[in-house]
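See below for the structure under consideration.
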Amino acid sequence: MARRIATAAAFGGGGISLLGGAAVGLVLTEVRLAKRVVGGSGDVPPRADGRYGSAFARLAGEPPLRLVFLGDSTAAGQGVHRARETPGALLASGLAAVAERPVQLVNVAQPGAQSDDLPRQVELVLDPVAPPPDVAVIMIGANDVTHRMPPATSVRLLSDAVRRLRAAGVEVVVGTCPDLGSVEPVYQPLRWLARRMSRQLAAAQTIAVVEAGGRTVSLGDLLGPEFEARPRELFGPDNYHPSAEGYATAAMAVLPTLCAALGLWPLADERPDARRGEGFLPVAQAAAEAAAEGGTEVTAARDTATGPRGRWALIKRRRRRPLDDGEGAAVAPGGAGEEESAAHRTA
C-alpha cells in the first residue's frame with residue numbers, strides 16, 4: 001500500500017481509500033468522542049529561534065551551522081512552555097555539542113499545518129539573498145491523517161519540498177507521520193484505523209523522501225512503547241502533543257541521523273550492524289519496517305543500482321534502549337550509552 005501511495009504521488013494520481021464504506025459511520029462516531037478529550041490546545045508554542053552553543057564560537061572559528069525546522073505543531077513544539085523544551089532547541093543544542101560549533105536555529109513550523117503548507121514554509125527558509133541552511137528537519141503528516149488529505153497528495157507535497165531543499169544544497173531529515181494509534185483516549189476501532197493509516201502514510205513518506213535524496217526517522221508512536229506504558233508522562237496536558245520528556249525522547253532518536261547527514265557521526269557507526277537488524281533492503285521493504293519501529297532511520301544506499309524492486313535503501317536502528325546498570329545510571333548495550341547520555345545531557 002505504501003508503494004502504491006508513493007507511486008500515485010510520483011505520477012500525480014488521486015487519493016487512495018483506506019476505509020470501507022461499511023465502517024464509516026462507526027468511525028465517525030469514534031472521532032466525535034475522541035475530539036472531546038484529545039487536543040484543543042490553543043497555546044502558542046514558545047519561540048526557540050536563535051543561536052545555540054555560542055561557547056564553541058571561539059573554538060570553532062567557523063560560522064554557525066544553520067538548522068531549520070518545518071512542519072506542524074510537533075515541529076513547532078506545541079505542548080511545552082519553555083523554549084529549551086522544544087524539539088528545535090533540543091536538536092540545536094545537541095548538534096552544537098557534537099559539532100563543537102554554534103548552531104543558528106530558525107523554526108517556521110506552523111501548528112495545525114498540513115503538507116499543503118510546506119511550499120510556503122520552504123519559501124521562508126530559502127531566502128534568495130541569504131545562504132541556504134545546512135540542514136532541514138521536517139515533521140509533518142498527523143494533520144493530513146486527521147483531516148483526511150488524500151495520502152498521495154500528502155506524499156507528493158512532501159516530496160516536492162524535499163526536492164526543492166536538496167536542489168538548494170540542504171541536507172534533509174524527515175520525521176515521518178507519528179502513530180496516531182498511540183494517543184491514549186482513542187478507542188477501538190478508531191485506534192486500529194488511526195494506526196494503520198499513520199503507518200501507511202509514514203512508509204509512503206519514507207519511500208518518497210529517500211527517492212528525493214533525504215533521510216527519514218520513523219517517529220512511530222513517538223519513539224517506543226514508553227508512550228503506551230507512560231502516557232501521563234510523555235503526552236502533554238492535551239493528551240495529543242508530547243510533553244517535555246516526550247520531545248526529549250524524540251530528539252534523542254533524531255539527533256544521530258541529523259549528525260550523520262552532516263558527516264559528524266563516527267564512520268564506524270555508518271556501517272550496518274547485522275546484530276541490530278540493519279542492512280540494505282528494497283526501499284519499500286525498509287520503509288515498512290521503519291514504520292513499524294520508532295527511531296528507525298532509512299537513507300538511500302550509496303553506490304547501489306536500482307533493481308527490479310526499486311531503489312535500495314540502508315535501514316539503521318541507531319536508537320538504543322537504555323538499560324539500568326544497577327546504580328540508577330542509564331547505559332546502553334554495545335557501549336552506546338555514552339552517545340545517548342551525552343545527547344540527553346546536552347538537551
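The values are calculated or read from the model by the stated rules, or taken from the named source; none is laboratory data. What you are looking at is a predicted structure, and each value in this text was computed from that prediction instead of being measured. All Cβ positions, even for glycine, are placed from backbone atoms using ideal geometry, and neighbour counts span all protein chains on display.
Every condition in (1) among the aliphatic types (A, V, I, L, M); (2) under 23 Å from residue 75 (Cα atoms); (3) modelled with pLDDT of 80 or more; (4) in contact with an Asp or Glu (Cβ under 8 Å, 6 or more places away or on another chain) is met by residue 244 except one, and the failing one is (3).
Condition check ((1) under 12 Å from residue 139 (Cα atoms); (2) free of Cβ contacts under 8 Å to residues at least 60 places away in the same chain) across all residues:
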{"position": "53", "(1), (2)": "no, yes"}
{"position": "61", "(1), (2)": "no, yes"}
{"position": "67", "(1), (2)": "no, no"}
{"position": "76", "(1), (2)": "yes, yes"}
{"position": "81", "(1), (2)": "no, yes"}
{"position": "87", "(1), (2)": "yes, no"}
{"position": "91", "(1), (2)": "no, no"}
{"position": "108", "(1), (2)": "yes, yes"}
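When we screen 320, 309, 302 for residues that are modelled with pLDDT under 80 and crowded, with 18+ Cβ neighbours inside 10 Å, the only hit is 320.
Does residue 126 satisfy the criteria of being aliphatic (A, V, I, L, M), surrounded by fewer than 19 Cβ atoms within 10 Å (Cβ to Cβ), under 13 Å from residue 161 (Cα atoms) and free of Cβ contacts under 8 Å to residues at least 60 places away in the same chain? It is true that residue 126 is aliphatic (A, V, I, L, M), surrounded by fewer than 19 Cβ atoms within 10 Å (Cβ to Cβ), under 13 Å from residue 161 (Cα atoms) and free of Cβ contacts under 8 Å to residues at least 60 places away in the same chain. Remark: pairs (first residue in segment 129-150, over 14 Å from residue 67 (Cβ atoms) and among the aliphatic types (A, V, I, L, M); second residue modelled with pLDDT of 85 or more and part of a loop (DSSP other than H, G, I, E, B); Cβ separation under 8 Å; 6+ apart in sequence or on different chains) = 140/72; 140/113; 140/114; 140/177; 142/72; 142/177; 145/177; 149/114. Of all residues in segment 129-171, those that are surrounded by fewer than 20 Cβ atoms within 10 Å (Cβ to Cβ), assigned to a helix (DSSP H, G or I) and in contact with a Gly (Cβ under 6 Å, 6 or more places away or on another chain) total 1. Taking residue 91 as the residue in question, decide whether it is at pLDDT 95 or above and under 16 Å from the mean Cα position of the chain (by Cα). Yes; evaluated as a whole, the condition is true for this residue. Residues that are modelled with pLDDT of 85 or more, at negative phi, of a type outside the set (D, E, K, R) and buried (at least 22 other Cβ atoms within 10 Å of the Cβ) within segment 22-76 comprise 48, 52, 65, 67, 68, 69, 70, 73, 74, 75, 76, listed in sequence order.
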